[in-house]
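> Following this message is one structure expressed as structure tokens.
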Amino acid sequence: MSSDTIICIDRSLEIPYPEWVSKIIHPELEKTGLDAYDLSTAVSLWFYKKQKKSRISGMTVYNYLKERNMLKSCLGLQDALAVRTKGGAVFQEVFDNKEVYFFKSVVESCDDEGLHVPCLVMVCGRVALRWSWLDFNWSIKKSHSYFQVANGV
């Protein structure tokens, strides 16, 4: 276990959402999750199988996770912020430059543009936090990934 891949989160702290967020869709999940875990061993990537063959909307993936009660095992914005602080080298080592989504923290925007999910992606050697619109069609080629925590440190 490398100290570079250990994630520690104080889940009692308020989560800093952007100003444009009007509603947190699953507030009951926001403070849940492990306080410490190793990205290299406790986190596994999950890929929606139908996305391997065609473009799908993020809403399709979200509904799949929600209907199967899988959101509680996904990570959220607190996790995304902690992973981002580890930097590009750790992100590339663990996630192989894939876009990583944090479905526990789906939000609604104040301008009625629908639902958004936080995402980490590499941009110019840095880990960037973005918000992806769930109605957008996600490409096969971008190799979108999602992750779940198996167990903690």
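> List every residue pair whose Cβ atoms lie under 9 Å apart, where the two residues are 6 or more positions apart in sequence or sit on different chains, the first residue falls within the stretch 61-86 and is more than 17 Å from H116 (Cβ to Cβ), and the second residue, located anywhere, is in a loop (DSSP other than H, G, I, E, B) and polar (S, T, N, Q).
Correct list of pairs: K72/T32.
> Quick check on the stretch 57-67. Is at least one of its residues modelled with pLDDT of 90 or more and among the aliphatic types (A, V, I, L, M)?
Yes, some residue in the stretch 57-67 is modelled with pLDDT of 90 or more and among the aliphatic types (A, V, I, L, M).
> Is it the case, given these coordinates, that E108 is part of a strand (DSSP E or B) and either in contact (Cβ under 8 Å) with a residue 24 or more places away in the chain or within 16 Å of the chain's Cα centre (by Cα) (or both)? First the steps, then the outcome.
Working: part of a strand (DSSP E or B): yes; either in contact (Cβ under 8 Å) with a residue 24 or more places away in the chain or within 16 Å of the chain's Cα centre (by Cα) (or both): yes.
Yes, satisfied.
> On to the next question. If you check S22 against the conditions, is it farther than 18 Å from K72 by Cβ and among the hydroxyl-bearing types (S, T, Y)? Write out each step before concluding.
Working: farther than 18 Å from K72 by Cβ: yes; among the hydroxyl-bearing types (S, T, Y): yes.
Answer is yes for this residue.
> Within the stretch 103-150, track down each residue that is of a type in the set (K, R) and at pLDDT 90 or above.
K104, R126, R130
> Mind counting the residues in the stretch 42-74 that are surrounded by fewer than 14 Cβ atoms within 10 Å (Cβ to Cβ) and hydroxyl-bearing (S, T, Y)?
Of the residues in the stretch 42-74, 2 are surrounded by fewer than 14 Cβ atoms within 10 Å (Cβ to Cβ) and hydroxyl-bearing (S, T, Y).
> Consider F91 carefully, then state whether it is surrounded by 14 or more Cβ atoms within 10 Å (Cβ to Cβ), of a type in the set (A, V, I, L, M, F, W, C) and modelled with pLDDT under 90.
no
> Yes or no: T32 β-branched (V, I, T) and not in a helix (DSSP H, G or I)?
Details: β-branched (V, I, T): yes; not in a helix (DSSP H, G or I): yes.
Criteria met by T32.
> Look at the stretch 44-58 and say how many of its residues are touching a residue at least 60 places away in the same chain (Cβ under 8 Å), assigned to a helix (DSSP H, G or I) and in contact with a strand residue (DSSP E or B) (Cβ under 7 Å, 6 or more places away or on another chain).
2
The values are calculated or read from the model by the stated rules, or taken from the named source; none is laboratory data. Note that the structure is a prediction, hence the values are computed from the model and not measured. When we count neighbours, we look across all protein chains shown, and the Cβ atoms used for this are built from the backbone with ideal geometry, even at glycine.
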